[in-house]
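Some notes on the structure that comes next.
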Amino acid sequence: MEQRFKLGLLFNFNPKWTGGIIYLLNAIRILNFLDDKDKPMVVILYNPTLKKYVDEINYPYLELVPHNFSSIYKGYINSFLKNKNTFVHDLVINFKLDAIFPMHDYPIKSKLDAKLVSWYADLQHLYYPQFFTKRKRIERNARIKLILKNSKDLVVSSQAVKDDFLKFFKVSTKLNIHIYHFVSIIEGLPNKSFEEILAEYDLPNHFYMISNQFHKHKNHKVVFEAVAELKKKGYEVCVGITGRFPEEPDSSYMQELHDIINKNDLKKSIKFLGLIPRGNQLLLMKYCKAILQPSLFEGWSTVIEDAKSLQVPVIAANLNVNIEQLEEKGTYFEPHNVSQLVSILEHYPNRDYNKQLYDSYDKRMKNAAYELLAVFK
């Protein structure tokens with residue numbers, strides 16, 4: 001019997017970066033949609049601080065290995081001194097890996113036979129430098145330039161991100177840029193009725209959802225201002241908002257949002273639900289009137305993929321990437337145009353829960369699984 005292809009996955013993200021964690025968990029789970037003969041052996045090398053996430057993974061050909069990853073600066077210095085990529089070199093040899101992903105650091109070219117596949121989420125720091133420290137911008141650009149210089153394969157999440165790489169950087173014709181369209185796998189929704197989940201979070205029958213972290217570029221502000229304008233016109237809407245609150249108690253962004261709420265008496269209209277269990281979050285999405293995605297920048301929106309898997313309509317900022325994801329199925333507005341969003345919400349129809357808006361779930365999952373596998377083989 002032919003031996004299974006052996007894929008190493010590096011599960012090493014900042015625990016606060018939910019998007020990165022969900023991205024890799026889904027990359028693993030999507031492999032379940034492959035035909036059995038095509039399923040690779042997966043070795044997950046994980047940061048012990050993320051153990052609770054890997055413990056939930058259900059995949060038939062799986063090896064879980066806790067690993068203490070090198071710090072970025074130490075890894076680069078050692079790689080230059082030893083003339084090998086110390087971030088992954090010994091892992092590839094010790095576990096006899098045929099490929100490894102996602103590579104964030106590629107200080108020097110690899111002499112290994114294994115396919116070392118890089119990944120970069122987006123180039124937000126070049127569009128909105130004000131959201132990053134100078135040190136973080138310099139560090140990002142340096143890591144990107146080394147990936148582009150030394151890597152043979154780079155995965156990006158969308159055509160929009162690929163276009164940005166070609167726009168801002170000199171990209172070798174020898175670099176294979178793979179577009180892998182992440183999809184959301186929906187598993188194990190809680191066994192709660194429509195009435196139960198709404199009662200649990202004190203939401204009315206008709207409500208919208210925003211599920212973004214509280215960063216300024218996520219642009220909650222335009223929605224809050226639109227809700228305030230609608231209230232002045234005598235039109236009440238409710239928006240349920242999930243997401244981790246900023247750790248800093250004096251967050252200027254949160255203060256800005258609360259000022260809009262207080263000034264316009266929107267406490268009943270805008271409900272902060274906090275970081276809730278993902279199953280509950282998905283169930284609320286499933287039942288909401290539409291998902292709002294007002295963000296100023298995305299590489300590929302997890303929230304939109306959740307909506308597609310759940311067959312929920314989306315009202316989104318008219319970013320190229322959002323249009324790439326939703327095509328003609330989305331409803332779009334200029335991200336700073338409050339009156340445009342007001343007009344959309346004022347006339348937005350109630351849900352037809354039986355309407356299939358997007359391709360069937362199983363078809364999307366299987367296509368994505370083979371799309372991902374093709375990157376490595």
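Annotations for the structure displayed:
- Kirkwood Rh in Å, taken over region 200-243 so that all alpha-carbon pairs contribute: 11.5 Å
- Backbone amide hydrogens, once placed in the peptide plane, bring V155 within less than 5 Å of S118, W119, Y120, H178, excluding anything fewer than 5 places away on its chain.
- Here the 3J(HN,Hα) profile of region 262-270, calculated from phi with Karplus coefficients 6.51, -1.76 and 1.60 at θ = phi - 60°, is 5, 5, 10, 6, 9, 4, 7, 8, 10 Hz, Gly and Pro shown as x.
- For region 31-44, 3J(HN,Hα) computed residue by residue from phi via the Karplus equation (6.51, -1.76, 1.60; θ = phi - 60°) reads 5, 5, 8, 6, 4, 4, 5, 9, 5, x, 6, 10, 10, 9 Hz, glycine and proline entered as x.
- Shape category assigned to region 107-250 from the gyration tensor of Cα positions, a/c cut at 1.5: prolate
- Of K271, K149, K174, the residue with the largest accessible area leads and the full order is K174, K149, K271 (1.4 Å probe).
- Under a Gaussian network description of the chain, with springs only between Cα atoms under 10 Å, the residue in S339, S158, S118 that fluctuates furthest is S339.
- Model label sites at E63 and A199, defined 7 Å from Cα along the beta-carbon direction, differ in position by 5.0 nm.
- 22 Å Cα-Cα reach of K39 towards lysines, excluding residues that sit fewer than 8 places from it in its own chain: K6, K96, K115, K363, K366, K377
- Straight-line reach from K52: taking Cα to Cα under 20 Å and skipping same-chain neighbours fewer than 8 places apart, the aspartates and glutamates in range are E63, E187.
- Remark on I276: its backbone amide H falls under 5 Å from those of G243, a criterion applied only to residues 5 or more positions apart or on other chains, H modelled at 1.01 Å from N.
- Shape of region 122-162 from the C-alpha gyration tensor: oblate (a/c of 1.5 or more and a/b not above b/c, with a ≥ b ≥ c the square roots of its eigenvalues).
- When the Cα gyration tensor is reduced to axis lengths a ≥ b ≥ c, the ratio a/c is 1.5 or higher for the chain, and with a/b above b/c it is classed as prolate.
- Simple Cβ-charge dipole of the chain, Lys/Arg +1 and Asp/Glu -1, about Cα centre, in debye nearest 20: 1380 debye
- Karplus-derived HN-Hα couplings along region 206-211 (A = 6.51, B = -1.76, C = 1.60, θ = phi - 60°), whole Hz, x at Gly and Pro: 10, 8, 9, 10, 10, 10
- Note on the chain: helix-only mean residue ellipticity at 222 nm, from DSSP H runs of 4+ residues weighted -39500 (n - 2.57) and normalised by residue number, equals -11500 deg cm²/dmol.
- Count of Lys pairs (Cα-Cα under 25 Å; at least 8 positions apart or interchain) in region 262-331: 13
- Restricting attention to region 152-249, lysine pairs at least eight places apart or on different chains and with alpha-carbon atoms under 21 angstrom apart total 9.
- Model label sites at T49 and S172, defined 7 Å from Cα along the beta-carbon direction, differ in position by 3.3 nm.
- Heavy-atom accessible area ranking, 1.4 Å probe, most first, across F272, F165, F80: F80, F272, F165
- Surface accessible to a 1.4 Å probe, D90 within the full protein complex, Å²: 80 Å²
- GNM top mover of G19, G274, G188 - the chain, alpha-carbon springs below 10 Å: G188
- Fluctuation leader among E195, E346, E225 - the chain, Gaussian network, Cα springs under 10 angstrom: E195
- Spin-label pair F272-D259: with each label point 7 Å from Cα along the Cα-Cβ axis, the two points sit 1.6 nm from one another.
The values are calculated or read from the model by the stated rules, or taken from the named source; none is laboratory data. Predicted model, so just to flag it, every value in this text is computed and none were measured. A quick note on method: Cβ atoms are made from the backbone with ideal geometry, for glycine too, and the neighbour counts reach across all protein chains shown. All accessible areas refer to the heavy atoms of the entire protein, side chains included, with ligands and DNA or RNA removed. Shrake-Rupley method; radii C 1.70, N 1.55, O 1.52, S 1.80 Å.
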